[in-house]
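The values are calculated or read from the model by the stated rules, or taken from the named source; none is laboratory data. Remember, predicted model here, so these are calculated numbers, not experimental data. Quick reminder, even Gly has a Cβ in these numbers, built from the backbone with ideal geometry, and neighbours come from all protein chains shown. Keep in mind that these areas ignore ligands, DNA and RNA; they rest on the heavy atoms of the full protein, side chains included. Shrake-Rupley method; radii C 1.70, N 1.55, O 1.52, S 1.80 Å.
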Amino acid sequence: MIITCPQCGFSRAVAENRLAGKSVVAICPKCACRFRFSAQKGVGEILPPKGWKRIEEPVSEEAPKNEANSPEEEEDIRQVAAEAYRKEAERFANEKGEDNTDTEEESEYIEVNPWDTAPRDGGWLWSFSQVVLRVMFAAPGFFAGLDPHARQVRALAFYLVICVFQTIVEKMWGGMLQNALVSSNTTDPELQKIIELMASQSDLALNLLIRSGVLLFQLYVFSFLMFLVYRIVAREKATFSLVFQIMAYSAAPSLLCVVPAIGSIVGTFWGIACLAVGCKAAMNLDWARTLLGFLPLVFVFAPILLQTLTLLQSAT
């Protein structure tokens with residue numbers, strides 16, 4: 001669902017389920033305009049800034065009250081309102097992030113990404129699970145609502161949680177496989193090498209450190225390479241922060257590693273699909289320009305894929 005500010009025309013996507021059956025007072029993050037909104041009726045009336053009231057001039061008994069304001073009076077009212085909204089926008093920018101004290105429910109366009117507002121608008125676990133579900137099952141709406149100039153800290157933290165979880169789960173499955181191989185008392189030299197290799201990687205803390213470092217390096221390098229391409233094909237829309245957020249949140253399907261054998265494979269391809277959909281939705285591109293951004297990844301992984309296929313052929 002797209003909400004458009006009636007004052008300045010700024011638009012942002014929001015998750016429909018956050019508005020089900022509710023009427024809220026939305027605040028435009030660009031001009032601080034306050035207006036009513038509901039999923040059923042759409043944008044309603046524009047509300048004055050907090051604490052601002054129009055002062056009515058007393059009407060003289062001799063002068064009859066006009067039914068309608070003159071064009072000059074209407075222009076004055078618009079100027080006063082515009083000035084009030086300008087001041088409110090400055091106050092809103094300075095006080096952004098503080099809790100509202102109004103009894104009426106307000107929202108800065110109802111955040112699509114609850115991880116950005118955790119734990120204020122929900123617990124960390126709830127926010128994390130909501131982002132995972134939205135990335136995997138409602139990717140276009142989630143990525144379309146990302147802030148192109150947001151700080152990268154929250155996205156980085158989300159990605160680190162995924163890395164740690166994936167490392168622990170894969171270590172668990174590896175330990176179970178190692179125990180199974182040891183208990184089989186096999187004399188196959190190839191299997192013995194596999195057991196020795198797995199035993200040498202038994203330090204979980206060291207694994208977490210090395211794997212997290214490698215994945216973080218990979219995240220920044222790939223984000224930068226994709227950003228360079230998108231700066232060419234979509235210069236006015238691409239920012240490094242936006243590309244970085246898309247790549248970090250697209251790692252959500254990696255949690256499927258909890259499923260043995262096929263979980264990691266499915267999660268990898270699902271993550272690539274989320275990355276493509278995310279780039280298209282966040283920068284409002286067509287598929288041709290979206291896929292151009294993947295050229296650096298193709299150039300990096302193509303030699304690795306060819307080498308893997310060569311090794312498989314030689315082994316058979």
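Here are the numbers for this structure:
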quantity: Selection count where residues are over 23 Å from Gly213 (Cα atoms), part of a helix (DSSP H, G or I) and not basic (Lys, Arg), scope region 134-163; calculated: 9
quantity: Test for Val229: is it of a type outside the set (Lys, Arg) and either buried (at least 16 other Cβ atoms within 10 Å of the Cβ) or over 18 Å from Ser254 (Cβ atoms) (or both); calculated: yes
quantity: Residue check, Val277 open to solvent by 40 Å² or more (accessible area, probe 1.4 Å) and at pLDDT below 90; calculated: no
quantity: Scope region 128-146; condition of a type outside the set (A, V, I, L, M) and touching a residue at least 12 places away in the same chain (Cβ under 8 Å); matching residues; calculated: Phe128, Gln130, Arg134, Pro140, Gly141, Phe142, Phe143, Gly145
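Listed here are the residues, each with its yes/no results for (1) closer than 21 Å to Phe142 by Cα; (2) at pLDDT 80 or above; (3) surrounded by fewer than 16 Cβ atoms within 10 Å (Cβ to Cβ); (4) touching a Leu at 6+ places or on another chain (Cβ under 8 Å).
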site	(1), (2), (3), (4)
Ser11	yes, no, yes, no
Ala15	yes, no, no, no
Ala20	yes, no, yes, no
Ala32	no, no, no, no
Ile46	no, yes, yes, no
Ser70	no, no, yes, no
